[in-house]
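**Student:** Quick one: the structure is below, and I'll ask about it shortly.
The values are calculated or read from the model by the stated rules, or taken from the named source; none is laboratory data. Predicted model, so just to flag it, every value in this text is computed and none were measured. Reconstructed Cβ throughout: ideal geometry from the backbone, glycine too, with neighbour counts over all protein chains shown.
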Amino acid sequence: MSKTKRIVFSGLCIAAGVALPMAFHAIPGSGAIFLPMHIPVLLCGLVCGWQYGLACGIVTPIISFLITGMPAAAILPGMTCELVLYGLISGFMIKHINIKKQLPKIYTALIAAMLAGRIGSGILNMLIFNAGRYSIEMWVTAAFITSLPGIAIQIIVIPFFIVLLKQTRFID
């Protein structure tokens, strides 16, 4: 994939990362349930590599906050760190996993990134962003229970998009 294509695709992912949450937040509380900003960042890392995924993870929540006020200022630092890990780990794993078959490779990289982002976010919330006010129960509830529909959507939609992009020869 050329550098130009990676830049353009990253820009599209950033735009989607701003637009999708606006659509989902029409329903109160749905952002924490469906995780619409996560999908474009994970997709960017898997398609464009860790550098672009990392950049998308930094830029997307900041631009979204500046334009829409979402995520809320109190959530922005933790979410930015989580999204950075998603973009970084998904891009790194997809390149360095030695699995020949396409779908197992995609799923391994995707799930590793999803877990790393959630664990990193939980640790940072416990130690820095919400020190003294954040518990394991809060983390499990936010990272896995409330967001279960979003996790399911990510596991279904992201591999589908990557396979589609490969079939249309947008990516190798």
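**Student:** Out of contact with any Gly (no Cβ under 7 Å at 6 or more places or on another chain), of a type in the set (A, V, I, L, M, F, W, C) and farther than 22 Å from I171 by Cβ: does that describe I67?
**Tutor:** Yes: the conditions hold for I67.
**Student:** Name the single residue that is nearest to S2 (Cα to Cα) among those in the stretch 47-83 being of a type in the set (V, I, T) and crowded, with 24+ Cβ neighbours inside 10 Å.
**Tutor:** Per the stated criteria, the residue is V47.
**Student:** Follow-up question, since we're still on this one. Kindly check whether there is at least one residue in the stretch 27-39 that is assigned to a helix (DSSP H, G or I), of a type in the set (S, T, Y) and free of Cβ contacts under 8 Å to residues at least 40 places away in the same chain. Give the steps one after another, and end with the answer.
**Tutor:** Within the stretch 27-39, the subset assigned to a helix (DSSP H, G or I) is 30-34, 38-39.
The next check asks that each one be of a type in the set (S, T, Y); those that pass are 30.
Pick out the ones that are also free of Cβ contacts under 8 Å to residues at least 40 places away in the same chain and you get 30.
So far as the stretch 27-39 goes, yes, one or more of its residues are assigned to a helix (DSSP H, G or I), of a type in the set (S, T, Y) and free of Cβ contacts under 8 Å to residues at least 40 places away in the same chain.
**Student:** Among the residues of the stretch 145-172, how many are farther than 20 Å from G17 by Cα and without any contact (Cβ under 8 Å) to a residue 24 or more places away in the chain?
**Tutor:** Residues meeting the conditions: 4.
**Student:** For the stretch 33-62, name all the residues that are touching a Phe, Trp or Tyr at 6+ places or on another chain (Cβ under 7 Å) and closer than 17 Å to K166 by Cβ.
**Tutor:** L42, L43, C44, G45, V47, C48
**Student:** Same structure, new question: Looking only at residues in the stretch 1-28 that are over 16 Å from the mean Cα position of the chain (by Cα) and either among the β-branched types (V, I, T) or under 16 Å from I153 (Cβ atoms) (or both), which one is surrounded by the fewest Cβ atoms within 10 Å (Cβ to Cβ)?
**Tutor:** Taking the candidates together, the pick is T4.
**Student:** Do the conditions hold for H96, that is, is it at pLDDT below 95 and either surrounded by fewer than 19 Cβ atoms within 10 Å (Cβ to Cβ) or in contact with an Asp or Glu (Cβ under 7 Å, 6 or more places away or on another chain) (or both)?
**Tutor:** No.
**Student:** Now, a different point. Whether any residue in the stretch 145-164 is surrounded by fewer than 19 Cβ atoms within 10 Å (Cβ to Cβ), in contact with a helix residue (DSSP H, G or I) (Cβ under 6 Å, 6 or more places away or on another chain), of a type outside the set (A, V, I, L, M, F, W, C) and not in a helix (DSSP H, G or I) is what I want to check.
**Tutor:** Yes, the conditions are met somewhere in the stretch 145-164.
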